[in-house]
Amino acid sequence: MKTKVLNLLSENSYVSGESISEALGISRAAVWKYINILKKEGYIIDSSTNKGYIVLDRPDVLTSVEVSPFIRTEFVGKNIVHFNTISSTNTKAKELAADNCPNGTVIISEEQTSGRGRLGRQWVSPKCKGIWMSIILRPDIPPMEAYKVTIIAAAAVHGALAENGADSLIKWPNDIIMNGKKVCGILTEMNSELSKIHYLVIGIGINVNTEDTEIPEELKDKASSLKLETNRHFDRKLLLGSILNNFEPLYKEFTSTGSIETSIAVCRDHSAVLNREVILLEGNKSSTVKVVDINSNGHLLIQESDAVREILSGEVSIRAKEGYI
Ligand code: ADP
């Protein structure tokens, strides 16, 4: 009901309490109660005895009602489940996926208290400063190919940042980099049988308006935010819409043709590692290698002393010879 009241309000003209109460079949007192709830959530609403209510400002939150106007997809993000705080959007997504939520459901939280990176590493997710989200998908593809959706997500985030005026590079396979520092990480998790995927959860964490003081000291040399790298504030709603709008067509290319050609082209054209000498970390082994290509399967090709070796994502981490990347 609160959302219905909000949807009837306007930013351009006053709407009378009477018309809202008639449209929704609730009392004027009930309308007033919902207006007060909305004010508590951060909506600035002016009320005038004669004219009614007008929305003067909206909160910076990624609720369904706030982000839906920016989403132009068929199914990705049509169902949004929003939290103010949660342990991890990927963990919640797995619960909802096991409960049969619709394909393309997106879980968003303003804050994560136990956000995760790969190998159970911590992901710092301060309140309302980033986009902490997970997309639930049920592709009819072999489990062996699930990693390709990480590549698709990286291409989609890169495209969305570009649309919103932030120049970034993709650090194969799952990080987005600005000026050598990580502004986004992607963590794909899967529930499957040997030959069938039950569901995939694509976790995307983007440091959007994170301030310097919110980045832990030990991460300062490798983590940054869009705001810190560009000196301007980003609209999280627009950015979230762009990510989903970029993601869906790339994902559909994969599920309908089996190819991730377009995503690979983006990852090649904007790679942080291609044609560079980097340090490859495999388990506790580390070696210096030259990256020579990303092939059509999304694998990294590296030049070893006398042969080119294909590296699968998930097996390795990459670092620069000096600094993070
Ligand atoms: P990598 O691919 O760099 O090996 P992961 O993808 O596993 O790392 O991401 C987790 C790591 O990212 C953490 O161990 C930490 O060093 C770093 N990290 C944690 N939170 C953030 C954040 N908000 N922004 C950027 N980096 C972060």
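None of the figures in this text is laboratory data; all of them are computed from the coordinates on show. As the structure is a computational prediction, the values presented were derived from the model and not from experiment. We place every Cβ from the backbone using ideal geometry, glycine too, and count neighbours over all the protein chains shown.
Please give every one of the lysines within straight-line cross-link reach of Lys252, meaning a C-alpha to C-alpha distance under 17 Å, and leave out same-chain neighbours fewer than 8 residues apart.
Output for Lys252: Lys78, Lys148.
Past 31 Å, Cα to Cα: identify those pairs from Lys51/Lys129; Lys92/Lys222; Lys4/Lys127; Lys4/Lys171; Lys51/Lys227; Lys237/Lys290, in the order given.
With Cα atoms farther than 31 Å apart: Lys51/Lys129; Lys4/Lys171; Lys51/Lys227; Lys237/Lys290.
Pairing the Cα long axis of helix 28-40 with the longest principal axis of the chain, what angle in degrees results, from 0 to 90 and rounded to the nearest 10?
In the chain, helix 28-40 runs at an angle near 30 degrees to the longest axis.
If you add up the charges near Gly203, with Lys and Arg at +1 and Asp and Glu at -1, over every other residue whose beta carbon is less than 12 angstrom from its beta carbon, what do you get?
Residues close to Gly203 contribute a combined charge of +3.
Roughly speaking, what is the centre-to-centre gap between region 298-325 and region 192-234 when only Cα atoms are used, to the nearest Å?
That distance is 22 Å.
Quick one: among Glu217, Glu22, Glu145, which has the greatest mean-square fluctuation in a GNM of the chain with alpha-carbon springs under 10 angstrom?
Taking springs between Cα atoms under 10 Å, the residue moving most is Glu22.
Can you give the charge dipole size of the chain about its Cα centre, rounded to the nearest 20 debye, using +1 on the beta carbon of Lys and Arg and -1 on the beta carbon of Asp and Glu?
Here the chain has a charge dipole of around 600 debye.
Cα-based Rg (one decimal) and Dmax (whole number) for the chain, in Å?
Rg, Dmax (Cα atoms, Å): 21.9, 82.
How would you rank 5-15, 260-270, highest first, on the average number of other Cβ atoms within 10 Å across their residues?
Output ranking for 5-15, 260-270: 260-270, 5-15.
With Cβ to Cβ distances under 13 Å as the rule, what net charge do the other residues near Ser114 carry (K, R +1; D, E -1)?
+2
Indicate the gyration tensor shape class of region 277-320 (rounded, prolate or oblate), computed on the Cα atoms with a ≥ b ≥ c the square roots of the eigenvalues: a/c under 1.5 is rounded; otherwise a/b larger than b/c is prolate and the rest oblate.
The shape class here is oblate.
Within a Cβ distance under 10 Å of Arg58, other residues only, what is the Lys/Arg minus Asp/Glu net charge?
Every neighbour counted, the sum reads -4.
Let me have the 222 nm mean residue ellipticity of the chain computed from DSSP H runs of 4+ only, each contributing -39500 (n - 2.57), with the sum over all residues rounded to the nearest 500.
After summing the helix terms and dividing by the residues of the chain, the value is -8500 deg cm²/dmol.
If you take the square roots of the eigenvalues of the alpha-carbon gyration tensor of region 199-294 and sort them as a ≥ b ≥ c, do you get rounded (a/c under 1.5), prolate (a/b over b/c) or oblate?
The shape class here is oblate.
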